[in-house]
Amino acid sequence: MNKCDALIIGGSAGSLDVLLKVLPLIKPDLNFPITIVIHRKNGADSLLPELLSGRTKLLVKEIDEKEVLRPGTVYIAPSDYHTLIEQDHTFSLDYSEKINYSRPAIDATFQTAAEVYKEKLVCLLLSGSNSDGVNGLKSVKAWGGTAVIQDPQSAQVSYMPAQAAAQVKIDYILPIEDMADFINLLS
Amino acid sequence: MSIELPVITDEQVEVLLSDLLEYYGYDFTGYSRASLKRRILRLYSLDKIPGFAEFRYKIKSEHGYFKRFVEQITVNVTEMFRDPLFFKTLRNEVLPKLGTYPFIRIWVAGCSTGEEAYSISILLKELNLLHKSLIYATDLNPVVLEKAAQSMFAMSQMKQYSENYISSGGTNDFSSYYTANYSLAKFNEELKSKIIFSTHNLVSDHSFNEFQLILCRNVLIYFDRDLQHKVLALFDDSLEGLGYLALGTKETLDFSQISKSYKRLPGEKIWRKTN
């Protein structure tokens, strides 16, 4: 497998529990950034970065617009904006229409990242109840990146990863307990 | 909609941007590319354009299509009383301060279809300040301004807007501000009477007045850093001493040259110009 320059994790219903289990096991000297796009309710003050930063030594922060992606940092997509990745490895935010009834939409981040990081991108789609992320994974594959899903059998809500498995040639299907090792070995 | 594989390259996006500048004087070169490219791809696929050459020719030669292009590549999603707590601060803190002035001038920059301008108008009316206020609502795009001037919004949105209004501290019956007309809510003429809709391009047009409050929310996110600096300087030129500048939830003045002459209201994306 290619060297990983960026990992993006997308999830919806049932994905927070996975993150809470996996994140504490990620090694602190990770040499690529992790970006997390999770569907959730709107709210100016999101508790998600705080919740996750209590579980890891990695720096966890909500994304600021124009921020540069840096290794060893966990970025959380803000609620009610789409998070896009630019060719110069910065984030930009976008308040356009919802995609798959979602803002943030996992597709928007996967697709823009796919063009930027190409074969050095790994995208992981977790538990969820709609098909956001599926088209994104198609783009990731088209640009040579690696598509990974949570094993639908281990997902609280299997629909999202199952849709991905049905429509995209997935590279790795992981149960929750294998995810941390997988991520640590990407370095 | 979703795009699987781009059919327009980054280089072709640059060609379109330089055409727009050369033929129409619209400068989008300072816009963040990821969003712009998604919008362009979306339109290209929506309109079933057979190829890039046709697309380019259509934009260059058909003025009507050029207008559609500009409308579609800019984001025109907006709401009334979006971020209710922001409007609560306007209602309780900012507007009462401005109420001590003999005349209030407000600029809603990048107003799109006008939802925020009408929201401000409602606040001013409730604070009994509307009679001595003027709201300049500007956008680069004449098509959205025409829509804004009709003061009609989808009925289907009214439940959400009414909830936003109540969370922002509104105590009236929100439905008293409009008349239902099939699928549209027509807002009262009085609300529009103090709004001036006009085209203004933040990229290329200059300051045109002095204001005590400028709102520009979720516009700067589409600009690169250089253009953000330029536009913030334009706002600074257009704002009186002790005036207020309001930005979107994820936007900031922090990195900007002008920040040293501004003080932020705690917890809000509102800055007050020091004297």
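The values are calculated or read from the model by the stated rules, or taken from the named source; none is laboratory data. Worth saying up front: this structure is predicted, and the values here are computed from it rather than measured. Note that we place each Cβ from the backbone using ideal geometry, even for glycine, and neighbour counts take in every protein chain shown. What goes into the accessible areas is simple: the full protein's heavy atoms, side chains included, and nothing from ligands, DNA or RNA. Shrake-Rupley method; radii C 1.70, N 1.55, O 1.52, S 1.80 Å.
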(request) Note down the nm distance, to one decimal, between modelled labels 7 Å out along Cα→Cβ at A:Ser129 and at A:Lys61. (result) 3.4
(request) In whole angstrom, note down how far apart the Cα centers of region A:5-81 and region B:116-185 are. (result) 36
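Can you figure out the FRET efficiency of B:Phe103 with B:His229, using R₀ = 41 Å and their beta-carbon distance, to the nearest 0.05? Don't jump to the answer; show the numbers that get you there.
Values: r = 30 Å, r/R0 = 0.74.
With a Förster radius of 41 Å, E is 0.85.
To the nearest 20 debye, what charge dipole does region A:1-108 have about its Cα centre, counting +1 at the Cβ of each Lys and Arg and -1 at the Cβ of each Asp and Glu?
480
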(request) Specify which residue in the list B:Ser61, B:Ser18, B:Leu227 is farthest towards the positive end of the charge dipole of chain B, using unit charges on the beta carbon of Lys, Arg (+1) and Asp, Glu (-1), about the Cα centre. (result) B:Leu227
(message) If the elastic network links every pair of Cα atoms under 10 Å, which of B:Gln72, B:Gln212, B:Gln228 fluctuates the most in the Gaussian network model of chain B?
(response) B:Gln72
(message) Which aspartates and glutamates, if any, have their Cα less than 15 Å from the Cα of A:Lys141, not counting same-chain residues under 8 positions apart?
(response) A:Asp107, A:Glu115, A:Glu119, A:Asp171, B:Glu4
(request) Roll a 1.4 Å probe over the protein heavy atoms and report the accessible area of A:Leu186 in Å², nearest 10. (result) 10
(request) Report the paramagnetic label zone for B:Thr9: residues of region A:96-119 whose backbone N is under 16 Å from a point 7 Å from Cα along the Cα-to-Cβ axis. (result) A:115-116
(message) Tell me which of A:Gly54, A:Ile183, A:Tyr81 sits at the most positive position along the dipole axis of chain A, charges placed on C-beta atoms (Lys, Arg +1; Asp, Glu -1).
(response) A:Ile183
(request) Would you mind computing, in nm to one decimal, how far apart the modelled labels at B:Ser204 and A:Asn31 are, each placed 7 Å from Cα along Cα→Cβ? (result) 4.8
(message) Using a 10 Å cut-off around each Cβ of peptide A:84-92, what is the average number of partner chain Cβ atoms that fall inside?
(response) 4
(request) Run the dipole for the protein assembly as shown about the Cα centre, Lys and Arg Cβ at +1, Asp and Glu Cβ at -1, nothing else charged, and hand back the magnitude in debye, nearest 20. (result) 580
(request) Measure nothing but the geometry: give the 0 to 90° angle between the long axis through the Cα atoms of B:225-237 and the longest principal axis through the Cα atoms of chain B, rounded to 10°. (result) 40
(request) Just need the relative contact order of chain A here, percent rounded to a whole number, with Cα pairs under 8 Å and 6+ apart. (result) 24
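Between chains A and B, what is the buried accessible area in Å², counting both sides, with a 1.4 Å probe and ligands, DNA and RNA left out, to the nearest 100? Please list the in-between numbers first.
Details: alone 8450 and 12960 Å², together 18930 Å².
When A and B are taken together, about 2500 Å² of accessible area is lost.
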(message) Need the list of lysines near B:Lys125 for cross-linking: C-alpha distance under 20 angstrom, and skip anything on the same chain fewer than eight residues off.
(response) B:Lys88, B:Lys97, B:Lys186, B:Lys192, B:Lys194
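Go ahead and run the numbers for FRET between A:Tyr101 and A:Leu51, Cβ-Cβ distance against an R0 of 25 Å, rounding to 0.05.
Details: r = 24 Å, r/R0 = 0.95.
After rounding, the FRET efficiency stands at 0.55.
Say R0 is 51 Å: what FRET efficiency, to the nearest 0.05, do B:Gln257 and B:Ile166 get from their beta-carbon distance?
The computed FRET efficiency comes out at 0.85.
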(request) Please identify which residues in region A:92-114 have an amide N closer than 14 Å to a label point set 7 Å out from the Cα of B:Gln157, following the Cα→Cβ vector. (result) A:96-98
(message) Percent of Cα-Cα pairs more than 14 Å apart in region B:165-244, please.
(response) 75
(request) Write down Rg/Rh for chain B, rounded to two decimals, with Rg from the C-alpha atoms and Rh from the Kirkwood relation over Cα pairs. (result) 0.98
(message) Given points 7 Å out from each Cα along the Cα-Cβ axis, report the B:Ser176 to B:Gln150 separation in nanometres with one decimal.
(response) 2.8
(message) For the protein assembly as shown, place one equal point scatterer on every Cα, skip the solvent, and apply the Debye formula. What is log10 of I(q)/I(0) at q = 0.14 Å⁻¹?
(response) -1.35
(request) Place a +1 charge on the Cβ of each Lys and Arg in chain A and a -1 charge on the Cβ of each Asp and Glu, then give the dipole magnitude about the Cα centre in debye, rounded to the nearest 20. (result) 240
(message) Projecting each Cα onto the charge dipole of chain B (Lys/Arg +1, Asp/Glu -1 at the beta carbon, about the Cα centre), which of B:Gln257, B:Leu140, B:Leu95 comes out farthest on the positive side?
(response) B:Leu95
(message) If I take every Cα pair under 8 Å that is 6 or more residues apart in chain B, average their sequence separation and divide by the length, what percent do I get for the relative contact order?
(response) 17
(request) Give the percent of DSSP beta bridges with both residues in the protein assembly as shown that are antiparallel, rounded to the nearest 5. (result) 30
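What's the long-distance tail for region A:6-184, i.e. % of Cα pairs beyond 25 Å? Present the calculation step by step, with values, prior to reporting the outcome.
Values: 3548 of 15931 pairs.
Above the 25 Å cut-off, region A:6-184 has 22 percent of its Cα pairs.
For region B:10-73, what does the alpha-carbon gyration tensor say about shape, rounded, prolate or oblate, given a ≥ b ≥ c as the root eigenvalues, a/c under 1.5 as rounded, and a/b over b/c as prolate?
Details: a/c = 1.42, a/b = 1.07, b/c = 1.32.
Since a/c stays below 1.5, the shape of region B:10-73 is classed as rounded.
By the gyration tensor of its Cα atoms, with a ≥ b ≥ c the square roots of the eigenvalues, what is the shape of region A:86-187: rounded for a/c under 1.5, prolate for a/b over b/c, or oblate? Display every interim value, and only then the final one.
Numbers: a/c = 1.77, a/b = 1.18, b/c = 1.50.
Oblate.
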(request) Give the cross-link partners of A:Lys57 among the aspartates and glutamates, using a straight C-alpha distance below 17 Å as the criterion and excluding same-chain residues fewer than 8 apart. (result) A:Asp29, A:Asp181
